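Scroll down for the structure; my scribbles are underneath it.
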Ligand SMILES: [Cu+2]
């Protein structure tokens, strides 16, 4: 380990960043790479957002107004792929890069060169994927779940680029995860035992294992697709003896852990922010850790709840129903623990706290609809309708995304040494909060009323809900442009921030100066219980 | 942008309120603004009622109760789970907001120091588990009831195609004779906002699937190309149509009526345009209809080889093309490059007739071009090929007859 770090110092000269573009291309510094990841994910978030607005514009009214069905399908597909793989996941990796070394008292990530590589793969992967939209026949149009044979025999010619892009994203994620695990397991400051690790570190440790377990499964699925398309195999082609349902089993064996990959680090973030602004130690640290671990375990045995309608035997349906319902238990424990942390605290409501509280409430609502979806006989009615769309957007937007935004506001002073404008932050929060609910709440109703997902046009009874939803989407989209303004303004002219930027903030990162020096904790810090446990 | 919005807004409202004439549609700007206000008002009211009122009460905001025993059980189960969630939500969010209002620094709250309580943590692990068990019991019961297959009075094979459904009455007495396609009949002009949208916009088909009341009907569901899903919300049943797999579903409907649904698995370009319409007839009426269909089908099959004139071929070809081919090759014959080739000026449509016939009969394996020999009868096949060879500016100048199709098929 020390060799790697030594080498790193050798060609990166120990005292500060290189100048110009080279700094970013060749950097092995965890803070630089964290910044790259965060800006990249924000760019992807805007691209994915534009696609979402194309969708919402088309759905503003019944009838086809702006785009053709084949283009609409490309919009839904790429919106999903870009948001999942381009916005949410890289944002969490960016936060991991920035925070994990500082939170465990390490000088950098364990494998800095691989860190650089795992970031720089991403722009190529997404460049390739997005370029397919401009190819003859268009880009991926088979949904972000790319069920075969729509994504194989019936796919546009550009699907091969898509497959290659997914391979690259997978390689990047696996490298990132190995790095995170190596850092956490080997580079903690003396005295930081596993059960003293900050929650964000814990959740990422578990997330990284999930990633390593499932990204190869995804790689396997797309490789089989590649073979079906180009080498005449029939993995998923019924006419050749293959099985399209097998694709779904493989996909969701990846896909279900994947959705926890997008939410576990969010749990970690919220577990830092709520104690900080309640000025009170996190309630039930141990049960929080066990809850995350059991959610991760359960995530491997519930995958077929995405496939209740494919025609499984009764015993299979019952198994996946029960195991899915069980997830509500550890998730409930986490929610109760957060509320118990707030209980009899001394709360203030700065922007990160507002986003964190909204996370708890709205994520829980997504949890409720998730529980309803777990009930197989009623899932038949909800499945592939807007009810599902509402559900997963509630856990991903005011869930995962709000936690990321909260994290940015919370650690921004540590990263830049500057404070954002609190009033603007609050305006951003309220706009986002209203926007998200106006967009997604009505979708529960259009789903219950029977509107299928992924359709470019709909029967007239769904008109009102869709109109409201579209209005909300534009509010939400614009409020994220406002977010960009708030951040840029703060970087340019924010007030200087204190080292411990929030009164109640606890953790090793707050013992560093603001902004955190380019190389921090070159000597391991002393780990005091009242600092790391709050 | 805004102006466009107003224009289109106006359009939709008409469809909902009442059909109007074209002249009226181009009403004055002032009128439009007025209507937009009205519409915005309605939206606000809808929004408010969405967010504020008890959701369960309002019909169009909730799951449909449906018309079968199963759908009613499903609805009740949905309400039980939903109300339990609401109760938990009220409790949990109540505590949260109580804390948010009372334990704030600005009110002088001082932070307590507790951070653990094994008893509490055990309680909120065990109690939710118990609640889940309470939910699982009725859920299991309903699911078991749904899996009560067998003992059916009749069976229908449902086959999904890009982008239509095929229904076949499985009836050995008549050699499964009765089989037809059901294709969306909403005109393209309505979709492209060139005419007023009808009441059943996107939910109408040329041929309803007809079933009798009070009999247990079994559906065997499969697909020809990609995965589709067959769903009739009012029956409370939905199942994926997977190529190479037969999925089983059943229903007993008590109320005669017309019930509508849509394909619910993304299946390509026109996924949004393959509705399902089931017409439930009283038993006696169904039996009479079925008998007459079977006998006229038998008669039709006998006369199938008869020669047709150019005009007859073109007329029937036009219909067949519009129903079966236009979704990919487009109504104007231009296709969608590069996936769906144009028929206008196509080398196949201008080349040897038998090659063209063969391509349409056998399809092109590994592409979206299906083997229409298994979907259309010889007269329809001859007509559509003849049509393609003489429409969109093509002029092959030959004749394709049903007998040619029969000869070609037998020759294989
Ligand atoms: Cu379909």
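Descriptive notes on the structure:
- All of A:117, A:95 fail the test of being in contact with a helix residue (DSSP H, G or I) (Cβ under 6 Å, 6 or more places away or on another chain) and assigned to a helix (DSSP H, G or I), apart from A:95.
- Test for residue A:164: is it within 28 Å of residue A:393 (Cβ to Cβ) and at pLDDT 95 or above: no
- Yes/no for residue B:215 being more than 14 Å from the ligand (Cβ to nearest atom), part of a strand (DSSP E or B) and more than 10 Å from chain A (Cβ to nearest Cβ): no
- Hits in region A:441-454 - residues which are in contact with a strand residue (DSSP E or B) (Cβ under 8 Å, 6 or more places away or on another chain), assigned to a helix (DSSP H, G or I) and at the interface with another protein chain (Cβ under 8 Å from one of its Cβ atoms): A:448
- If you check A:438, A:481, A:471, A:434 for being outside any loop (DSSP other than H, G, I, E, B) and either touching a strand residue (DSSP E or B) at 6+ places or on another chain (Cβ under 7 Å) or buried (at least 21 other Cβ atoms within 10 Å of the Cβ) (or both), only one passes: A:438.
- Tally of residues being surrounded by fewer than 22 Cβ atoms within 10 Å (Cβ to Cβ) and part of a helix (DSSP H, G or I) across region A:126-162: 8
- All positions within region A:508-518 that are buried (at least 20 other Cβ atoms within 10 Å of the Cβ) and part of a loop (DSSP other than H, G, I, E, B): A:514, A:516
Rundown of residues vs (1) more than 22 Å from the chain's Cα centre (by Cα); (2) away from every other protein chain (no Cβ under 14 Å), yes/no style:
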| site | (1), (2) |
| --- | --- |
| A:156 | yes, no |
| A:163 | no, yes |
| A:172 | no, yes |
| A:179 | no, yes |
| A:183 | no, yes |
| A:186 | yes, yes |
| A:201 | no, yes |
| A:211 | no, yes |
| A:222 | no, yes |
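- Test result for residue B:207, modelled with pLDDT under 95, in a loop (DSSP other than H, G, I, E, B) and away from chain A (no Cβ under 14 Å): yes
- Qualifying position, being assigned to a helix (DSSP H, G or I) and more than 22 Å from residue B:185 (Cα to Cα), among B:284, B:326: B:284
- The residue pairs whose first member lies in region B:257-268 and is over 15 Å from residue A:447 (Cβ atoms) and touching a residue at least 40 places away in the same chain (Cβ under 8 Å), whose second member is more than 9 Å from the ligand (Cβ to nearest atom) and assigned to a strand (DSSP E or B), and whose beta carbons are closer than 6 Å, counting only pairs six or more residues apart or on different chains, are B:257/B:280; B:258/B:279; B:259/B:232; B:259/B:278; B:260/B:277.
- Within this structure, residue A:233 passes the test of being more than 10 Å from chain B (Cβ to nearest Cβ), modelled with pLDDT under 95 and surrounded by fewer than 19 Cβ atoms within 10 Å (Cβ to Cβ).
- One residue from A:447, A:425, A:435, A:504 being under 17 Å from residue A:57 (Cβ atoms) and touching a helix residue (DSSP H, G or I) at 6+ places or on another chain (Cβ under 6 Å): A:435
- Residues within region B:105-121 that are part of a helix (DSSP H, G or I) and more than 28 Å from residue B:82 (Cβ to Cβ), tallied: 5
- Residue that is nearest to the other protein chains (Cβ to nearest Cβ), among those in region B:174-186 that are more than 16 Å from the ligand (Cβ to nearest atom), surrounded by 15 or more Cβ atoms within 10 Å (Cβ to Cβ) and assigned to a loop (DSSP other than H, G, I, E, B): B:185
- Selected residue (criterion: farthest from the other protein chains (Cβ to nearest Cβ)) from residues of region B:64-91 that are touching a helix residue (DSSP H, G or I) at 6+ places or on another chain (Cβ under 7 Å) and surrounded by fewer than 18 Cβ atoms within 10 Å (Cβ to Cβ): B:65
- Any hit, region B:309-317, residues being in a loop (DSSP other than H, G, I, E, B) and on the phi > 0 side of the Ramachandran plot: no
- Checked against the criterion of being away from the ligand (no atom under 16 Å from the Cβ), at pLDDT 90 or above, more than 14 Å from chain A (Cβ to nearest Cβ) and surrounded by 14 or more Cβ atoms within 10 Å (Cβ to Cβ), the candidates B:376, B:281 yield just one match: B:281.
- Among the residues of region B:336-345, those that are surrounded by 14 or more Cβ atoms within 10 Å (Cβ to Cβ) and modelled with pLDDT under 90 comprise B:336, B:339, B:340.
- Selected residue (only one of B:331, B:291 is closer than 23 Å to residue B:384 by Cβ, away from the ligand (no atom under 16 Å from the Cβ) and either under 19 Å from the mean Cα position of the chain (by Cα) or exposed (fewer than 14 other Cβ atoms within 10 Å of the Cβ) (or both)): B:331
- Scanning region B:224-274 for residues that are within 13 Å of the ligand (Cβ to nearest atom) and more than 9 Å from every other protein chain (Cβ to nearest Cβ) yields B:224, B:228, B:230, B:241, B:274.
- Every condition in (1) in a loop (DSSP other than H, G, I, E, B); (2) at the interface with chain B (Cβ under 9 Å from one of its Cβ atoms) holds for residue A:463 except the one numbered (1).
- Residues in region B:304-324 include at least one that is modelled with pLDDT of 90 or more, under 21 Å from residue B:177 (Cα atoms) and more than 16 Å from the ligand (Cβ to nearest atom).
- Tally, over region B:137-155, of residues that are part of a helix (DSSP H, G or I) and either surrounded by fewer than 17 Cβ atoms within 10 Å (Cβ to Cβ) or more than 8 Å from chain A (Cβ to nearest Cβ) (or both): 5
- Criterion applied to B:220, B:202 was being buried (at least 21 other Cβ atoms within 10 Å of the Cβ), in contact (Cβ under 8 Å) with a residue 12 or more places away in the chain, touching a strand residue (DSSP E or B) at 6+ places or on another chain (Cβ under 7 Å) and within 13 Å of another protein chain (Cβ to nearest Cβ), and the one residue passing it is B:202.
The values are calculated or read from the model by the stated rules, or taken from the named source; none is laboratory data. Values in this document were obtained by computation on a predicted structure and should not be read as measured data. A quick note on method: Cβ atoms are made from the backbone with ideal geometry, for glycine too, and the neighbour counts reach across all protein chains shown.
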